[in-house]
Amino acid sequence: MKPSITNSSDFLFVYEAIQCNPNGDPDQENKPRMDYDTKTNLVTDTRVKRFIRDYLKASNEDEIVFVDMEGDSKVSVDSKLKAVVKRTVENEGELEKAFENDSEALKVYKEIIAKEKDAEGVWKTITDKKFKQKEVNYELLAYLVKEKFLDIRMFGSAFAVGGFTKAYTGPIQLNWGYSFNKVELIDSSSIVTIMNDDSSTFGKDYRVHYSLLGFNGTINAPAAKTTGLATDDVLEFRKAIWESIPASPTRSKLNQYPKLYLEIVYNEGVSNGQFGDLRNFVETQPKEGITDKQVRKFKDLSIDLSALKTLIAQDKSGEHKIKEIILKTSADFDFSL
């Protein structure tokens, strides 16, 4: 197993949404999520994580995206774990790899396999309340998380199956995103038809004119020790969060593009959260002659990141908490350190 990361980080991620629905609210006819008091657009962390998981699934053949379909069907976390464990039990080489440092645990599983004959019988035995050797299950689960479940290494998950009851806190977390600009919904009474086999449903098509969305996130080194988040995984995350947003093929999610990813990597031993929510260092307003209601594109906004630049510059000449800055911008986002 690769060693887990030793440096914590804070990151700021910004992307734009143009004439689309960044995150529908099922309690509001699937309208874009809004804080109507401030007229800001909201997007949940789970929406961004879904983008990332879909991208990882398409681009990684050797890793399992755990929070996902099983075949062509949606399944619960419990059902997904059951399917993966059964496949592992059926693969003798994989099982031996999982317990390569614990011959006694391997012996326990092999004895159960010899007795039960099939994977379904093994699953019933190891999840039965009467099964006394649950530590071998936790050892298998730890192997699967650290070697197979890329998204669990990143975002964590709670397992609540008998014999496998354990919660993994994800080292990588994001807050809900909110728009830096006041957002106007497109006035539309258009009705869309969604075909499903021989039937169809009808509904209104709700979208925003323009939303520049900001997310604050953390990468926590102590939590990484539990899930096994490694340096290669962090590199994969940085690529995925940037590439996944415009890669969504659905009609309601088109026209979304990344604008800025800035990650503050701290020196070893320095915890994340040193400067609070990085969005607090971003100021945005419509350009002169343009009202909030008239904002339709990125160039309609003035973005002031001087406070963020000052924050980083002062650390270089002061406490030296920062090890390095990871920065990526779109071609039209003018920001340099």
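Nothing in this text is a laboratory measurement; each read-out follows from the coordinates by a stated rule. Fair warning: this is a prediction, and the values are worked out from it, not measured in the lab. Please note: Cβ atoms are built from the backbone with ideal geometry, for glycine as well, and neighbour counts cover all protein chains shown.
Between Lys39 and Glu104, the contour length at 0.36 nm per residue exceeds the Cα-Cα span by 17.4 nm. Averaging Cα coordinates gives a centre for region 286-308 and one for region 107-147; these two points are 58 Å apart.
Once the C-beta distance of Glu243 and Met1 is scaled by a Förster radius of 41 Å, the resulting FRET efficiency is 0.95 to the nearest 0.05.
For Lys107, the aspartates and glutamates whose Cα falls under 18 Å of its own Cα, not counting residues fewer than eight places away in the same chain, are Glu90, Glu92, Glu94, Glu96, Glu116, Asp118, Glu135, Glu139. Taken along its three principal axes, the alpha carbon spread of region 17-123 comes to 62, 25, 24 Å, from the longest extent down to the shortest.
Once you list every other residue whose beta carbon is under 15 Å from the beta carbon of Pro26, what net charge do they have if Lys and Arg are +1 and Asp and Glu are -1? Result for the local shell: +2.
Relative to the present Cα-Cα distance, how much length would full extension add between Ala83 and Glu324 at 0.36 nm per residue of separation?
Working it through step by step, the gained length comes to 82.6 nm.
Candidates Phe131, Ile64, Ala114 compared by Cα position along the dipole of region 34-184: farthest toward the positive end lies Phe131, with charges placed on Cβ. Could you pull out the pairs from Lys39/Lys253; Lys148/Lys328; Lys39/Lys80; Lys297/Lys323 whose alpha carbons sit more than 32 Å apart here? Correct reply: Lys39/Lys80; Lys297/Lys323. Using a simple spin-label model with pseudo-atoms 7 Å out from Cα toward Cβ, Val67 and Ala331 lie 3.4 nm apart. Under the combined filter of DSSP loop state and at most 11 neighbouring Cβ atoms within 10 Å, region 82-185 retains these trypsin sites (Lys or Arg not before Pro): Lys117, Lys129, Lys130, Lys132.
Take the Cα of Glu116, go 7 Å toward its beta carbon, and the backbone nitrogen atoms of region 146-187 under 15 Å from that spot belong to 161-165. Of the GluC sites (Glu not before Pro) found in region 250-315, the ones in coil according to DSSP and having at most 16 other Cβ atoms within 10 Å of their Cβ are Glu268, Glu288.
Here the spin labels are modelled as points 7 Å beyond Cα on the Cα-Cβ line, and at Glu29 and Asn175 they lie 3.1 nm apart.
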